[in-house]
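S.K.: Please find one structure pasted underneath; my questions will follow.
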């Protein structure tokens, strides 16, 4: 898109609201969009989301309008509030990278800036990991309808197989993600403050006897619910599948075989029959299922390690940070020990020594690279530690 005298070449009108390479004020108040960071096209146009990503975004907006997700009339993308997880302009020719690292995203000043730009919106759609990291820092937005989807850029789809990576294909993929989240099960609350669910004809499907019901159906048939301050799981016939003896918070997704849940203030893992897979002995548990690695990341006494699905130690619980990444078609672990970062294999073999101040797997847009900080200098490197030009 080219800008001449502030006239939009997409819709032909003048956008009088505030705008810059990372931010567009817009006039529509029903929804805000958060992306990662501005790049070369955004810098040249002084509007966010330009170039190929902008054209894909236009297709997504059209799908949302046709589906009724967007209700207000709009002329083009710049009628909406659009912002980014960071304001820094990033592209390889200028900065050697295509987005900011996580530490830059999480800076208090940056989070405060982003919060001020989206706090007045009831629905917020976040594209990509950087946007998710930033918005998750804002506890004040817990009552908003926040949706996290994949970034629309071509780089975000680079390593995917079996997916249509054309502009329309990427827009459709992200739309399906978004639409699925909007269709999530919505529990209802009666006059006594209890939760249940009745259909459009008024027939009670789930009796109004629960203190809380999760608004997402698991495997399209199970519901996490709370009764007498304890968490259990029922099916859509109100049959108890997992007994009421657990606590919040709960971590789950519809692609997993497991629930991560608390009992006596410790994390453990259950399957969907209620069997204990990982005993309740850890302070924190995360399922490590991004790349079909059958294991869990666990924390005990502020140290992290990895266990398999039989609770056997895969990586000793001795690291202050662990993050599993797929880099150069190899599963590796970014780890920190004694205030230094390195890269190791799942068996503990060292790939890059623990001599860096920070390492970030630039997973979304640079899947074969790492952002490594050493002697206060940030460089894009490969798994051999060599700079990427």
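Just so you know, all these numbers are worked out from the coordinates, no wet-lab data involved. Predicted, not measured: the structure shown is a model, and the values here were computed from it. Note that we place each Cβ from the backbone using ideal geometry, even for glycine, and neighbour counts take in every protein chain shown.
S.K.: Pick from 118, 351, 163 the residue whose mean-square fluctuation is largest in a GNM of the chain, springs joining Cα atoms under 10 Å.
M.R.: Among 118, 351, 163, the largest GNM mean-square fluctuation belongs to 163.
S.K.: With the contact rule set at Cα under 8 Å and sequence spacing of 6 or more, what percent relative contact order holds for region 1-130?
M.R.: Taking the mean separation of contacting Cα pairs over the length of region 1-130, I get 33 percent.
S.K.: If r is the Cβ-Cβ distance from residue 154 to residue 92 and R0 is 25 Å, what FRET efficiency results, to the nearest 0.05?
M.R.: It comes to 0.95.
S.K.: Could you work out the relative contact order of the chain, using alpha carbon pairs under 8 angstrom and six or more residues apart, expressed as a whole percent?
M.R.: Working: 798 pairs, mean separation 31.8, N = 389.
Averaging sequence separation for qualifying contacts and normalising by length gives 8 percent for the chain.
S.K.: In nm, what is the difference between 0.36 nm times the number of residues separating residue 66 and residue 230 and their Cα-Cα distance?
M.R.: Length difference between fully extended and current span is 54.9 nm.
S.K.: Still on this model: Taking the chain as a Gaussian network, Cα atoms linked when under 10 Å apart, which of 93, 247, 191 shows the biggest mean-square fluctuation?
M.R.: So, out of 93, 247, 191, the one fluctuating most is 191.
S.K.: Let me ask something else. Using only the C-alpha atoms of the chain, find the volume of their convex hull and express it per residue in Å³.
M.R.: Each residue corresponds to 162 Å³ of Cα convex hull volume.
S.K.: If the elastic network links every pair of Cα atoms under 10 Å, which of 165, 297, 139 fluctuates the most in the Gaussian network model of the chain?
M.R.: Looking only at 165, 297, 139, the biggest GNM fluctuation is shown by 139.
S.K.: What is the gain in length, in nm to one decimal, between residue 256 and residue 29 on full extension, counting 0.36 nm per residue of separation less the C-alpha to C-alpha distance?
M.R.: 78.1 nm
S.K.: Relative to the present Cα-Cα distance, how much length would full extension add between residue 20 and residue 188 at 0.36 nm per residue of separation?
M.R.: 56.3 nm
S.K.: Counting other beta carbons within 10 Å of each Cβ, put 263, 81 in order, fewest first.
M.R.: Numbers: 263 16, 81 23.
With the fewest neighbours first, 263, 81 line up as 263, 81.
S.K.: Just to verify a number: FRET efficiency for residue 240 and residue 46, C-beta to C-beta distance, R0 = 41 Å, to 0.05?
M.R.: E between residue 240 and residue 46, to the nearest 0.05, is 0.10.
S.K.: Return the distance in nm (one decimal) between the two label points of a simple spin-label model at residue 313 and residue 266, each offset 7 Å from Cα along Cα→Cβ.
M.R.: 1.7 nm
S.K.: Just order 38-51, 147-160, 374-387, 233-246 by mean Cβ neighbour count inside 10 Å, highest at the front, would you? Present the calculation step by step, with values, prior to reporting the outcome.
M.R.: Numbers: 38-51: 21.1, 147-160: 18.2, 374-387: 13.1, 233-246: 15.4.
Ranked by mean Cβ neighbours within 10 Å, highest first: 38-51, 147-160, 233-246, 374-387.
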